[in-house]
Amino acid sequence: MKGTHKGPRTDYGQMFRGLLWVQAPIGYSISLLVGGLFFAKRMREREYTTMVDPLQQTYGKVPGALLVLPAVMGELFWSAAVLSALGSTLAVIIGLPLNATIIVSASICVVYTLFGGLYAVAYTDVAQLLLIILGLFMALPNIFQSEYVDINVMWSGAKVLDDNGTHTGAYAGKAEWLGEITAQDAPRWTDNFIMLIFGGLPWQAYFQRVLSAKTAKNAQVQSILAGIGCMLMAIPSIFIGAAAKATDWDAVFSDYSTANNLSYTMKILDNVKHCDGVRADGYCPFSIVPVVFKYLCYPTIAYFGLGAVSASVMSSADSSLLSISTLLTLNVFVPVQEALGYPENDKVTPKVLKGFICIVGVMATTMAVKLKSVYKLFHMSGDIVYALLFPQLTAAMYMPNHVNWFGSYAAFFTGVLLRFLSGEPFLGLDAIIHWPGFEPASEENGHEHKQHFMFRTITMLIVFMTLILASKTYAFIQRRRGKEVYKQGQQTESYFDSDSDVKVGSLEFLESTAKIIPK
């Protein structure tokens, strides 16, 4: 289910570059399949409670707590990004104020997550998934019946015009909405695609569903089915984008202005890097789906489409709120509490978890309201999750006897250093490392440098090698000094010895959250 409801949230801003650049649906689908085949069953069999448990069991509590940071950042920025997307959708379709919409939606998420825990998230996801399916598949036939959508243009390319601007009856012969990948862009395209597949794995929002499955086999099967569902749910979204590319938007907005006696005519803006979905001078390409619902569908159908998008957003926001709060409570607060000599308290832990849910909700809402580049923040945090968490999680699951805390620290700081030295234009960070194919900032590329090389994947591989080599070096030095080298679990021997009923790794996640947050 977690993967399925990600299907509709295609990056429609990329639709103006073509379908080939809309990588998220297929990338995340494959990610779920990989997770089901190689991680879900193994994680569930070991009865972990969070994704960070195997990291703390292998590397120790402190290194594991450090790895919570990129995981929390990714989830937090994702929550803010989807709340911002919901606000822009409502602003386009029904004209509600953007900030008020974000605040109300976030408040609803916080309230039912606060009082229902994972049960509330799971049950609401069932209703939200049904609404997504209903809304998207109801909208499709309505969109294609619109007089403004030219089916010939969609499948045969743009109209060929004569010198007088009259259609000759011929078409360009290539569907523009499919897009193309140039030789220069191929490494960057490949890098992004690989990042979506493997960087889509180490997320607590995914593993909290895996670890709540009744059996390890169920966890594996559900993850694989979610991957297939994600691919299927992307189909209507793809055709909505294709229809938008074949729509005569000048005629749409002109007729709409005339029918409603407006003194202005809207348009689809060009070369817009970010906006809130609607501006006085037009709509941002990132909001093409709500624009399609509003102008190409009957009002009733448009509201069902709005419900589909809203349900998709809410189902991600509540999952992220709970997953962040769980990580901070069980993998940061509880270990710190025990390190200070205070045993875990069954009365305190639930209150701390609820407190984190409220705090995270406020933070995500504030970022969605205040920041204009929250999606870029999420994208960068996704880079960091890919580079830092994926290699460390893989090593902890498959080769725990070959890594240790020293290697974990070395890999973490190496990954952070390489990522920031590669530059990040929206943060104002110039690239110190010029990877092959580096393109300096210029007026042609929007005054932003571009790394065309597969630097994200190379960074991840360097981090993985650093983890192994640094761990082996430390182990070698320790043996030469005649000192014991930590084996798997030795550095966290007391990690499973809490007197609490909610023992990390000892109960099913669904049961443990039920104890923390009663129904």
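Ser408 falls short on exactly one of the conditions (1) modelled with pLDDT of 90 or more; (2) more than 25 Å from the chain's Cα centre (by Cα); (3) not β-branched (Val, Ile, Thr), and that condition is (2). Out of the range 457-503, which residues are surrounded by fewer than 17 Cβ atoms within 10 Å (Cβ to Cβ), at pLDDT below 95 and of a type in the set (A, V, I, L, M, F, W, C)? Within the range 457-503, Phe476, Ile477, Val485, Phe496 meet the criteria. Here's a check for you: in the range 161-177, which residue that is loosely packed, with under 13 Cβ neighbours inside 10 Å and of a type in the set (A, V, I, L, M, F, W, C) is nearest to the chain's Cα centre (by Cα)? Result: Ala172.
Summed over the range 274-283, the residues that are surrounded by 24 or more Cβ atoms within 10 Å (Cβ to Cβ) and either without any contact (Cβ under 8 Å) to a residue 12 or more places away in the chain or hydrophobic (A, V, I, L, M, F, W, C) (or both) give a count of 0.
Checking each residue in the range 277-308 for being β-branched (Val, Ile, Thr) and assigned to a helix (DSSP H, G or I) picks out Ile288, Val289, Val291, Val292, Thr300, Ile301. Does Phe193 satisfy being closer than 24 Å to Ser79 by Cα and surrounded by fewer than 18 Cβ atoms within 10 Å (Cβ to Cβ)? When the stated conditions are applied, Phe193 passes them.
It is to be established whether one or more residues within the range 52-59 are modelled with pLDDT under 90 and surrounded by 22 or more Cβ atoms within 10 Å (Cβ to Cβ). Scanning the range 52-59 turns up no residue that is modelled with pLDDT under 90 and surrounded by 22 or more Cβ atoms within 10 Å (Cβ to Cβ). In this entry, Ala339 is excluded by the filter for residues that are out of contact with any Gly (no Cβ under 8 Å at 6 or more places or on another chain), closer than 23 Å to Leu98 by Cβ and not aromatic (Phe, Trp, Tyr).
Restricting the search to the range 213-226, which residues are under 22 Å from the mean Cα position of the chain (by Cα) and either buried (at least 22 other Cβ atoms within 10 Å of the Cβ) or polar (S, T, N, Q) (or both)? The answer is Ala219, Gln220, Gln222, Ser223, Ala226.
From the list Gly27, Gly3, Gly87, Gly7, the lone residue that is modelled with pLDDT under 95 and surrounded by fewer than 24 Cβ atoms within 10 Å (Cβ to Cβ) is Gly27. If the condition is being within 16 Å of Pro63 (Cβ to Cβ) and among the polar types (S, T, N, Q), then the range 402-447 contributes Asn404, Ser408, Thr414. Note on the range 395-448: residues that are among the hydrophobic types (A, V, I, L, M, F, W, C), crowded, with 16+ Cβ neighbours inside 10 Å and outside any helix (DSSP H, G or I) amount to 5. The requirement of being under 17 Å from Ala91 (Cβ atoms), in contact (Cβ under 8 Å) with a residue 40 or more places away in the chain and of a type in the set (A, V, I, L, M) is satisfied by Val291.
Checking each residue in the range 40-65 for being within 14 Å of Ser212 (Cα to Cα) and either touching a strand residue (DSSP E or B) at 6+ places or on another chain (Cβ under 8 Å) or part of a helix (DSSP H, G or I) (or both) picks out Ala40, Lys41, Arg42, Met43, Arg44, Glu45.
Of everything in the range 284-303 that's buried (at least 21 other Cβ atoms within 10 Å of the Cβ) and among the aromatic types (Phe, Trp, Tyr), which residue is nearest to Val149 (Cα to Cα)? Among residues in the range 284-303 that are buried (at least 21 other Cβ atoms within 10 Å of the Cβ) and among the aromatic types (Phe, Trp, Tyr), the one nearest to Val149 (Cα to Cα) is Tyr295. If you filter the range 335-368 down to residues that are assigned to a helix (DSSP H, G or I) and charged (D, E, K, R), you find that the one that is surrounded by the fewest Cβ atoms within 10 Å (Cβ to Cβ) is Lys351. Being of a type outside the set (A, V, I, L, M, F, W, C) and within 18 Å of Val360 (Cα to Cα) is a property that holds for Thr50. Residues being modelled with pLDDT under 85 and among the aliphatic types (A, V, I, L, M) are represented in the range 98-112 by at least one member.
Restricting attention to the range 136-148, does a residue exist that is in contact with a strand residue (DSSP E or B) (Cβ under 6 Å, 6 or more places away or on another chain) and of a type in the set (Phe, Trp, Tyr)? Yes, the range 136-148 contains at least one residue that is in contact with a strand residue (DSSP E or B) (Cβ under 6 Å, 6 or more places away or on another chain) and of a type in the set (Phe, Trp, Tyr).
The values are calculated or read from the model by the stated rules, or taken from the named source; none is laboratory data. Keep in mind the model is a prediction, meaning the values are calculated, not measured. Quick reminder, even Gly has a Cβ in these numbers, built from the backbone with ideal geometry, and neighbours come from all protein chains shown.
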